[in-house]
Ligand code: URP
Ligand code: ZN
Ligand code: ZN
Ligand code: ZN
């Protein structure tokens, strides 16, 4: 029978290969790769274009309430839409348990938030903040079997953090049930002590956020988390790694043969702590945790992207408006950095930034780009080979890139609901021009062609930790 769509004349890149072929699509899936694929009801001419798997953003926050009352600017409508405009076709945001809440209630809550909203497919990681015997004994094993096969835990933030015993219990459960634990590694007590000292000295401008959360605190917690995973003998992934100190711990563990995986994000290759030093309260726009470090750290992170220390490149999109009663400016000019919600937006700019700065500047190969942004997260989080690659049988989640297009990033060009981008004014080369989700054109140029709510919830399978 006739194809629904053929993408002709493009240059396809996967995590392994670069080759020229047409793509035949039927029923939302890729059914043929090659030439002379025959008649199709619709055709896209991709001559001169790169044809890549749509991105999988495995770390983004949408519509996630915080204990301080700050409200995220992106929900499951605007967040995934913004992702799609940046070449991403699958998002894995978080369903966050509040202390005292059952995990089941958290999952139900986030499904209500997401239902009927997302324009692209989505899965959930859980955030486990209250690992009660009930959660560990019944709820979490059941949820893992229902397709929530990864969860994040924290070593910092009073309302989220677990102690070492709790971390061990969660890791042991992940081992028993075949799930993947993601860990936010920063030493909470050291940060609290440093923060108090800074506040007592009146050093509360945004810049001091970086001094309160030094690389040593990240290094220590990374080392400790790895040790706990080693004791339990289970794979683990360290999220949003900011620089060489934590990376050294991860690389040493990997050299010993431990299955420790690591993620980094655009802010750690493009920003530094000096970006927290901008006039007035502007620096607050760049407050995230861990904070961006220095140019040497940026170089370390680039090395880690190139040499395999990192498997995953995610946005950690955490969307708070700058000029809003509920956003970054919560307490007005001169307020303490301790009152600024942590996190910065970046779900739409993630792929173009890494493409331009990484592939364009010869720091990583096109195959590494695809692996870091699509294939590896799909494999680690149990969505492969349906997502994360271009292959017969995979979903037709495809981004057709104009690798030559120059774009100066302006917030007004972006589709998130945040009133700034940390990358304002940067000129980059390469942008996705057409984005398909299960064979349907979602984005073409400046236009959106798909409806909110067409995205499907994805049940994740077993994590592949043999990547
Ligand atoms: O500052 C950050 N990264 N906020 C988002 C939450 C998290 O810890 O990933
Ligand atoms: Zn985190
Ligand atoms: Zn995050
Ligand atoms: Zn305040």
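The values are calculated or read from the model by the stated rules, or taken from the named source; none is laboratory data. Note that this is a predicted model, so its numbers are computed, not measured. For neighbour counting, all protein chains shown are included, and Cβ atoms are generated from backbone atoms with ideal geometry for every residue, glycine included.
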Query raised in the report: Is there a residue in segment 181-199 that is touching a helix residue (DSSP H, G or I) at 6+ places or on another chain (Cβ under 8 Å), away from ligand 1 (no atom under 14 Å from the Cβ), outside any helix (DSSP H, G or I) and closer than 30 Å to residue 142 by Cβ?
Result: yes
**Report entry** Selection count, segment 397-425, where residues are in a loop (DSSP other than H, G, I, E, B) and in contact (Cβ under 8 Å) with a residue 60 or more places away in the chain
**Finding:** 12
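Tell me yes or no: at least one residue of segment 354-364 is closer than 30 Å to residue 201 by Cα and either modelled with pLDDT of 95 or more or more than 16 Å from ligand 2 (Cβ to nearest atom) (or both).
no
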Query raised in the report: Does residue 374 satisfy the criteria of being within 28 Å of residue 72 (Cβ to Cβ), more than 16 Å from ligand 4 (Cβ to nearest atom) and at pLDDT 95 or above?
Result: yes
Query raised in the report: Out of all the residues in segment 77-89, is one or more assigned to a loop (DSSP other than H, G, I, E, B) and surrounded by fewer than 21 Cβ atoms within 10 Å (Cβ to Cβ)?
Result: yes
Query raised in the report: Would you pick out the residues in segment 434-453 that are buried (at least 18 other Cβ atoms within 10 Å of the Cβ) and in contact with a strand residue (DSSP E or B) (Cβ under 6 Å, 6 or more places away or on another chain)?
Result: 434, 435, 436, 437, 438, 439, 442, 443, 450
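Residues in segment 202-241 that are under 30 Å from residue 177 (Cα atoms) and outside any strand (DSSP E or B): how many?
So the count comes out to 21.
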Report task. Of all residues in segment 338-374, count the ones that are away from ligand 1 (no atom under 16 Å from the Cβ) and either in a loop (DSSP other than H, G, I, E, B) or closer than 26 Å to residue 63 by Cα (or both). Result -> 14
Query raised in the report: If you take the residues in segment 252-273 that are assigned to a helix (DSSP H, G or I) and without any contact (Cβ under 8 Å) to a residue 40 or more places away in the chain, which one is nearest to the chain's Cα centre (by Cα)?
Result: 268
Requested in this report: Write out, first by first residue and then by second, each pair whose Cβ atoms fall under 8 Å of each other, whose residues are 6+ apart or on separate chains, and whose first residue, in segment 68-89, is on the phi > 0 side of the Ramachandran plot while the second is at pLDDT below 95.
Outcome: 69/326
Query raised in the report: Among the candidates 37, 5, which residue alone is outside any loop (DSSP other than H, G, I, E, B) and away from ligand 2 (no atom under 16 Å from the Cβ)?
Result: 5
Report task. Spot the failing condition for residue 267; the list is (1) modelled with pLDDT of 95 or more; (2) in contact with a helix residue (DSSP H, G or I) (Cβ under 7 Å, 6 or more places away or on another chain); (3) buried (at least 20 other Cβ atoms within 10 Å of the Cβ), and only one is missed. Result -> (2)
